[in-house]
Amino acid sequence: MFEGHDTTASGLSWVLYNLACHPEYQERYGCSGCSMPFSTMCIKESLRLHPPVPAVSRRCTEDIKLPDGCVLPKGNVCLISIYGTHHNPAVWPEPQVYDPHRFDPENSKNQPPQAFMPFSAGPRNCIGQNFAMAEMKVVLALTLLRFAVRLDESRPVRRKPELILRSENGLWLHLEPLGAIHSH
Ligand code: HEM
């Protein structure tokens with residue numbers, strides 16, 4: 001229950017927040033012209049900047065030698081920071097900037113394979129990731145078809161990492177009906 005609900009709720013809240021911060025991407029939202037739908041790029045970039053699951057843990061089943069010579073001994077439990085990886089400036093230039101074009105297939109082809117791992121990696125990664133992406137695409141498309149999302153300036157947003165990445169006092173946005181333009 002936890003895996004399938006809080007995660008997508010967090011993912012959706014943060015992508016709406018990121019698009020509220022960047023109205024220019026909301027305007028582009030319905031357009032295509034790229035081999036990857038722009039909606040997928042917006043969602044992926046939001047999962048990078050605000051990964052719903054900020055960290056996972058693993059126990060080493062054997063000694064692991066790191067490139068700098070350090071050894072993680074067998075049996076050790078390691079915390080792997082997805083949030084940290086997604087904000088590593090060596091991998092993601094200007095990591096705090098929300099830019100869906102990072103996930104333009106042209107730009108992302110040289111990305112190291114583990115640079116983006118909101119659904120974790122390896123044999124115990126997220127079993128629901130395709131479903132989650134589909135769910136978020138549908139909800140986002142139906143929302144942006146009818147509304148413009150705007151920030152509520154009176155309620156500042158402060159990230160709060162629990163097991164899931166949340167916002168301290170909720171994530172408040174204004175929804176403005178789009179009206180005539182989209183009614184047909
Ligand atoms: C944006 C949405 C989601 C995110 C970011 C997410 C993220 C993750 C992550 C990071 C893990 C790995 C945990 C670990 O390695 O310890 C995981 C595992 C899992 N997820 Fe998701 N998840 C999402 C949506 C879903 C949905 C919609 C479902 C079910 C329909 C789901 C079901 C699961 C299950 C069952 C596991 C455990 C798999 C295993 O241990 O073999 N998740 N998820």
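Could we say that residue 31 is at pLDDT 95 or above and more than 15 Å from residue 103 (Cβ to Cβ) here? Criteria not met by residue 31.
Here the range 141-172 is the region considered, the condition is being free of Cβ contacts under 8 Å to residues at least 24 places away in the same chain and of a type in the set (D, E, K, R), and the residue that is nearest to the ligand (Cβ to nearest atom) is 162. Across the range 7-24, what is the number of residues that are touching a Phe, Trp or Tyr at 6+ places or on another chain (Cβ under 8 Å) and within 13 Å of the ligand (Cβ to nearest atom)? Of the residues in the range 7-24, 0 are touching a Phe, Trp or Tyr at 6+ places or on another chain (Cβ under 8 Å) and within 13 Å of the ligand (Cβ to nearest atom). Taking the criterion of being farther than 20 Å from residue 84 by Cβ and more than 16 Å from the ligand (Cβ to nearest atom), the residues of the range 101-140 that qualify are 101, 104, 105, 106, 107, 109, 110. Restricting the range 40-94 to residues that are without any contact (Cβ under 8 Å) to a residue 12 or more places away in the chain and at positive phi leaves a set whose member that is nearest to the ligand (Cβ to nearest atom) is 94.
Among the residues in the range 146-167, are any farther than 16 Å from residue 16 by Cα and of a type in the set (Val, Ile, Thr)? Among the residues of the range 146-167, at least one is farther than 16 Å from residue 16 by Cα and of a type in the set (Val, Ile, Thr), which makes the answer yes.
The values are calculated or read from the model by the stated rules, or taken from the named source; none is laboratory data. Fair warning: this is a prediction, and the values are worked out from it, not measured in the lab. Every residue, glycine as well, gets a Cβ built from its backbone with ideal geometry; the counts of neighbours run over all protein chains shown.
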